[in-house]
Amino acid sequence: MDYTKNGKTFHCPVEAALEVIGGKWKPLILWALGDRVLRFNELLKELPGVNTKMLTKQLRELEEDGVIQRTVYPEVPPRVEYAITGFGKTLIPILEALCTWGAQYLGAEGESISECPAKPEKKKKKKKK
């Protein structure tokens, strides 16, 4: 049986799920947002390696799929914030399971993975004397 959603046809629910959250950046965007509300530049800082074009594209797709909400405040300069929707929050247990699995895969299951950040801690540069 085929399924259609947002003008796209899927052959099974797993295909649809991967379309919504698949790729390198979408799960990391969702994980970075968690229960927080972040602005675009804050998301850029949370996701080292992503460029503005890709982040914009991924945010638009997540918004189109109803997973995140974009709020624009009529200020000068305009302020835009991103947050996970109620529907998007149903993905958090899945991301937590992926984090646990990834820690086991990396042999890091003894470490605290409750926070499982989307980015590694930045190393402090040593000051030259």
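The values are calculated or read from the model by the stated rules, or taken from the named source; none is laboratory data. Note that the structure is predicted; figures quoted are calculated from it, not measured. Positions of Cβ are backbone-derived with ideal geometry, glycine not excepted, and every protein chain shown enters the neighbour counts.
Descriptive notes on the structure:
Yes/no matrix, rows are residues, columns are (1) among the small types (G, A, S); (2) out of contact with any Gly (no Cβ under 7 Å at 6 or more places or on another chain); (3) free of Cβ contacts under 8 Å to residues at least 12 places away in the same chain:
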site: A16; (1), (2), (3): yes, yes, no
site: A32; (1), (2), (3): yes, yes, no
site: V37; (1), (2), (3): no, yes, no
site: E64; (1), (2), (3): no, yes, no
site: V76; (1), (2), (3): no, yes, yes
site: T90; (1), (2), (3): no, yes, yes
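Quick grid of which residues meet (1) touching a strand residue (DSSP E or B) at 6+ places or on another chain (Cβ under 8 Å); (2) among the charged types (D, E, K, R); (3) in a loop (DSSP other than H, G, I, E, B); (4) at pLDDT below 95:
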| residue | (1), (2), (3), (4) |
| --- | --- |
| L98 | no, no, no, yes |
| Y105 | no, no, no, yes |
| I113 | no, no, yes, yes |
| E121 | no, yes, yes, yes |
| K127 | no, yes, yes, yes |
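- Scan of segment 29-45 for residues that are in a helix (DSSP H, G or I) and closer than 20 Å to T85 by Cβ, ordered by number: I29, L30, W31, A32, L33, F40, E42, L43
- Given (1) surrounded by 12 or more Cβ atoms within 10 Å (Cβ to Cβ); (2) more than 14 Å from the chain's Cα centre (by Cα), index of the condition E42 fails: (2)
- If the condition is being surrounded by 13 or more Cβ atoms within 10 Å (Cβ to Cβ) and in a helix (DSSP H, G or I), then segment 46-56 contributes E46, M54, L55.
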